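The values are calculated or read from the model by the stated rules, or taken from the named source; none is laboratory data. Note that the coordinates shown come from a computational prediction; the quantities given were computed from them, not determined experimentally. Don't worry about glycine lacking a Cβ; one is built from the backbone with ideal geometry, like all the others, and counts go over all protein chains shown. These area figures cover heavy atoms from the full protein model, side chains too; ligands, DNA and RNA do not enter into them. Shrake-Rupley method; radii C 1.70, N 1.55, O 1.52, S 1.80 Å.
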Amino acid sequence: MGVITLAVLVDHRIPLEQWPEGRLVLTNLESQCAHHHNVVKQREESAWRGSAKPGWLEPSRVPLEVVCGPIASGKSTWVRRHAGPRDLIVDIDAIGSRLAGLPFTHSWDRRHLDDALRERNAMLASLARPDARTRWPMAWLIVSEPTADGRAWWQERLEPRRITVMETPPAVCLERMRLDPDRIDRLEHATHAIGAWWQTYEPREGEHVVRP
């Protein structure tokens, strides 16, 4: 049998640093015992905030599309082509470029990766806010995610309306890399990364697949 402990504290499901207005919103409040709040919850949030898969995320209240694929598969182009002017686009490259003080680039300094992940995760958490639908008509998340289990994780966690996978062949991805001055210096790394993506790629029933 489990141990029942008296709840003596109220925790914010979406942290106040991400949603200050949620301090007194009832749906953002959760009763907890002192140990869970002061030890378990704080340790969990600290570990997950800079993570590629933050376990404390909640389903998006905004219609969301997750776009996956290897490097240079066309994920960002697909999103720009279909996103509306007021949509929220969650793209680690855009975030990392801004943190590095650069215009958009795929070659931003990866020393900013942890901070970029933290900001990305805060953006994703904001999609669960009660006022999210008034802020964005739709949201887009760009991730690589070659495995079926990985994409299933995002489906379960954020409940997007659709997951799109860019099944762009390795030769096409590499040719795009060669023709892109922004990416040519990453060609060797990209060759391995694209090959690894396709080696681990697993189709998943019900996903929207795009082929060039």
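Only one entry of 31, 97 meets the criterion of being farther than 26 Å from residue 167 by Cβ, assigned to a strand (DSSP E or B), among the polar types (S, T, N, Q) and modelled with pLDDT of 60 or more, and that entry is 31.
Select from segment 100-127 the residues that are over 27 Å from residue 158 (Cα atoms) and in a helix (DSSP H, G or I) and list them in ascending order. Within segment 100-127, just 111 meets the criteria.
How many of the residues in segment 153-200 are assigned to a helix (DSSP H, G or I) and among the polar types (S, T, N, Q)? Residues flagged as assigned to a helix (DSSP H, G or I) and among the polar types (S, T, N, Q) within segment 153-200 amount to 4. Residues in segment 81-137 that are touching a helix residue (DSSP H, G or I) at 6+ places or on another chain (Cβ under 7 Å), farther than 18 Å from residue 54 by Cα and touching a residue at least 60 places away in the same chain (Cβ under 8 Å): 105, 106, 107, 130, 132.
Quick check: anything in segment 140-152 of a type in the set (S, T, N, Q) and under 19 Å from the mean Cα position of the chain (by Cα)? So far as segment 140-152 goes, yes, one or more of its residues are of a type in the set (S, T, N, Q) and under 19 Å from the mean Cα position of the chain (by Cα). Restricting 203, 212, 137 to those that are more than 22 Å from the chain's Cα centre (by Cα) and assigned to a loop (DSSP other than H, G, I, E, B) reduces the list to 212. The set of residues in segment 87-112 that are within 17 Å of the chain's Cα centre (by Cα) and open to solvent by 70 Å² or more (accessible area, probe 1.4 Å) comprises 98, 110. Filtering segment 47-79 to residues that are farther than 24 Å from residue 115 by Cβ and surrounded by fewer than 17 Cβ atoms within 10 Å (Cβ to Cβ) leaves 59, 63, 77.
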